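The block underneath contains the structure these notes are about, expressed in structure tokens.
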Amino acid sequence: MPDALDATPYDALLLLSFGGPEGPDDVVPFLENVTRGRGIPKERLKEVGQHYFLFGGVSPINDQNRALLDALREDFAGHGLDLPVYWGNRNWAPYLTDTLREMVRDGRRRILVLATSAYASYSGCRQYRENLADSLAALEAEGLDLPKIDKLRHYFNHPGFVEPMADGVLESLAALPEEVRDGAHIAFTTHSIPVSAADTSGPAEEHGDGGAYVRQHLDVARLIADAVRERTGIDHPWQLVYQSRSGAPHIPWLEPDICDHLEERHAAGVPAVVMAPIGFVSDHMEVLYDLDTEAKAKAEELGLPVRRSATVGADPRFAAAIRDLVLERAAVERGQGATPCALGALGPSHHLCPVGCCPARAPRPAAAGADSPYA
């Protein structure tokens, strides 16, 4: 058996994710959870739900989270890390509040949170922290003793996140017809968000044009493009593009959209494109529909050869990266030295989200940060 690794003071890891429907009857209730408070009519939600109905009303995200849970538990056990792993979702079962209640009843007092979002943004970080605060408030109202919760730092530039995606791009290039392979363009894709949210992403000192959200994605894209060049000897042109816009047309969101980008690249004479979804941890519905369905249909219409590279999913290197991040944060909490692992120009992210980081339009309590009411 390997020597035991020390995760103290933590006694559990919580995988915190978005959630998704697992059958046709779940689709509209799930979308009601996602859009609660926005006053969207049920008929409109049924229209939006067509993306899910194309896949039997099932989002792949829950099964992908189950696979990641298995990978984490296998990695932890194989390396002597005695740390139980739980799972809770923002918008579907298992719900976050229910999972935290279970953890409290299991005696968990110091909890680390792994969010299935690698980058800084309101929706990818602070909103999860707000969800944690909401759940803690619910447990407090029930009279339960509250655990102390911390969140793992952003892992966008950890080798265990970057390297599997670089391999995926290389595999997609190799799958292109030989006559178009060397001239292929790489479109690195991520979720579009409002420009105002991008500009205020990350700590206050990083706010500005695109904020931390855009800078972090560009850094990852450069790392992957450099890895591809080192492995192939070919300097493929690339660009960061966006997908999955869902906001009102009059509100500026990050552009260009992937389908518009495919049209533009085709018009410029590019012979092929690899779509690399670096903004996503797993192949969930927005990857399956927006890239594998909608973008590929656009490419077929144009006669443009495309391939879509894999997300990290449950890759063993990603599970190992999470173990590394757990041990790093545990050492920091114990007051011991820790050498953070990070690639690229930006360095490791902060362990504690500072005040003013990724602010909401309307201030709400958020746990696991410098402004947490649950210190």
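The values are calculated or read from the model by the stated rules, or taken from the named source; none is laboratory data. Since the model is a prediction, treat every value here as computed from it, not as a measurement. No Cβ is skipped: glycine too gets one built from the backbone with ideal geometry, and neighbour counts run over all protein chains shown.
For the reader, a short list of remarks on this structure follows.
- The single condition from (1) out of contact with any Lys or Arg (no Cβ under 9 Å at 6 or more places or on another chain); (2) more than 23 Å from Glu140 (Cβ to Cβ); (3) touching a residue at least 12 places away in the same chain (Cβ under 8 Å) that Ala77 fails is (3).
- Sole residue being crowded, with 17+ Cβ neighbours inside 10 Å and of a type in the set (Asp, Glu), chosen from Glu140, Glu163, Glu102: Glu163
- Test: Thr35 is of a type outside the set (Asp, Glu), surrounded by 14 or more Cβ atoms within 10 Å (Cβ to Cβ), touching a strand residue (DSSP E or B) at 6+ places or on another chain (Cβ under 8 Å) and without any contact (Cβ under 8 Å) to a residue 60 or more places away in the chain: no
- Every residue from the range 61-78 that is closer than 24 Å to Asn131 by Cα and surrounded by 18 or more Cβ atoms within 10 Å (Cβ to Cβ): Ile61, Asn62, Gln64, Asn65, Leu68, Leu72
- Breaking point among (1) aliphatic (A, V, I, L, M); (2) under 25 Å from Tyr10 (Cα atoms); (3) part of a loop (DSSP other than H, G, I, E, B), for Ile278: (2)
- Residues of the range 249-277 that are under 25 Å from Gln50 (Cα atoms), modelled with pLDDT of 95 or more and among the aliphatic types (A, V, I, L, M): Leu254, Ile258, Leu262, Met275, Ala276.
- The selection criterion, being closer than 19 Å to Arg153 by Cα, surrounded by 20 or more Cβ atoms within 10 Å (Cβ to Cβ) and not assigned by TED's automatic domain parsing to the domain that holds His217, does not hold for Leu346.
- Applying the criterion of at least 2 residues that are within 14 Å of Ile278 (Cα to Cα), in the same structural domain as Ala295 (by TED's automatic domain parsing) and at pLDDT 95 or above to the helices (runs of 4 or more DSSP H) found wholly in the range 116-235 leaves 159-175, 211-232.
- All conditions in (1) more than 27 Å from His217 (Cβ to Cβ); (2) part of a loop (DSSP other than H, G, I, E, B); (3) touching a residue at least 60 places away in the same chain (Cβ under 8 Å) hold for Ile40, with the sole exception of (3).
- Among the numbered conditions (1) within 16 Å of Val113 (Cβ to Cβ); (2) at pLDDT below 95, the only one that Pro363 does not meet is (1).
- Number of residues in the range 1-37 that are in a helix (DSSP H, G or I) and of a type in the set (A, V, I, L, M, F, W, C) equals 5.
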